[in-house]
Amino acid sequence: QQITTDMETLTKEVERFAQNKKLEIESLKGQEMYRKEFLGNVSHELKTPLFTVQGYIETLLDGAMNDKAVRKNYLQRAGKGVDRLIHIIKDLDMISKLEAGNLAIEPKRFNIIELVQNTMDQLEMKAEKKNIQLTFDIIYKDSIFVKADPERIQQVLLNLMVNSIKYGKYGGTTEVSIEDLIKNKVIIRVTDNGEGIQKENIQRLFERFYRVDKTGSRKEGGSGLGLSIVKHIMDAHGEKIYVESQIGIGSEFSFTLEKAK
Ligand code: ADP
């Protein structure tokens, strides 16, 4: 009887050990796949603007340089390609720091209304180009203090607002609003009346490099990293981000922040 029980225990131990090893191997395989996919995505994202810049330089050297107007135009386009490369590299840098936990969140007490206004000022030109009206729905107060990392929260706001302009319709609107909740939280909403996002894509939006319309978004520039940066920043703050969207009607991204005393 004793031997049978011992054997049973031993068999169970061995099975458990094998199961743990299997899980370990699967996890390593997953990490390896993830790494490969990540590298593939990065080189793909960098390739497009690099080839654009290379194309303009080659055409200039092939003779286009002799015409003053063409020269200026091609140099400007090449410059835009370089800007895009810098943008992608900055996003990559940010995401790798956030994922490695190397980007400390430094919470401070600051006025979120001022930060929103400041961010809107930065985007005025971008919105104007698409004839999009930027509005800020907060008329009854001039300060709401929150406790968060102002630099990172500005990044969140910028990413959300740039998206609402990018995927907003020509002549549309982007509205930011702040709801001061009775409890210790505020909700900040960025709403557009643009193309909207299909339900099945909503849960994937925060994945790295994920884009709903691969061709459309690429035309609009960007790295496909904006929303995953946003999610990381909100997670690091221990706060939530929500998305509501309807095709043809528009999208609303909202996030919570802690009120400061
Ligand atoms: P991207 O650099 O492509 O803009 P993001 O991570 O910021 O990357 O966004 C991922 C994708 O989510 C976008 O490519 C777009 O398809 C979709 N998206 C984001 N914001 C909006 C929005 N306000 N309206 C419609 N689609 C959006």
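Some observations on this one:
- Sequence-separation-based contact order of the range 80-153, relative, with Cα cut under 8 Å and 6+ spacing, percent: 45
- Relative contact order of the chain, defined on C-alpha pairs under 8 angstrom at six or more residues apart (%): 18
- Counting only heavy atoms of the protein chains and using a 1.4 Å probe, Thr4 has close to 80 Å² of accessible surface.
- Accessible-area ranking of Val82, Val243, largest first, probe 1.4 Å: Val82, Val243
- Dipole of the range 144-231, positive end: most advanced residue of Gly196, Gly222, Asn184 [Cβ charges, Cα centre]: Gly222
- The share of alpha-carbon pairs in the chain lying farther apart than 23 Å comes to 63%.
- Shown here are the Rg and Dmax of the Cα trace of the range 80-135, at 15.5, 39 Å.
- For the range 49-196, the solvent-accessible area with a 1.4 angstrom probe is 59 square angstrom per residue.
- Cut-off 13 Å between beta-carbons: net charge of the residues surrounding Asn118, Lys and Arg +1, Asp and Glu -1: -4
- Beyond 16 Å, the tail of the calculated P(r) for the range 3-48 holds 61 percent of the Cα pairs.
- Residue order by solvent-accessible surface for Ile165, Ile86 is Ile86, Ile165, largest first, with ligands and nucleic acids left out and a 1.4 Å probe.
- Among Arg109, Arg71, Arg189, the order of accessible area from largest down is Arg109, Arg71, Arg189, computed with a 1.4 Å probe on protein heavy atoms.
- Separation of the range 229-261 and the range 102-143, taken as the distance between their Cα centroids, equals 15 angstrom.
- Taken over the Cα atoms of the range 45-151, the convex hull encloses 142 Å³ per residue.
- Total formal charge among the other residues, if their Cβ is under 11 angstrom from that of Ser251, Lys/Arg +1 and Asp/Glu -1: -3
- Square roots of 5 times each gyration tensor eigenvalue, C-alpha, the range 23-105, largest first, Å: 39, 16, 5
- Among the protein heavy atoms of the chain, carbon and sulfur supply 54% of the accessible surface, probe 1.4 Å, non-protein parts ignored.
The values are calculated or read from the model by the stated rules, or taken from the named source; none is laboratory data. Note that the structure is a prediction, hence the values are computed from the model and not measured. Reconstructed Cβ throughout: ideal geometry from the backbone, glycine too, with neighbour counts over all protein chains shown. The area values use the complete protein model at the heavy-atom level, side chains included, leaving out ligands, DNA and RNA. Shrake-Rupley method; radii C 1.70, N 1.55, O 1.52, S 1.80 Å.
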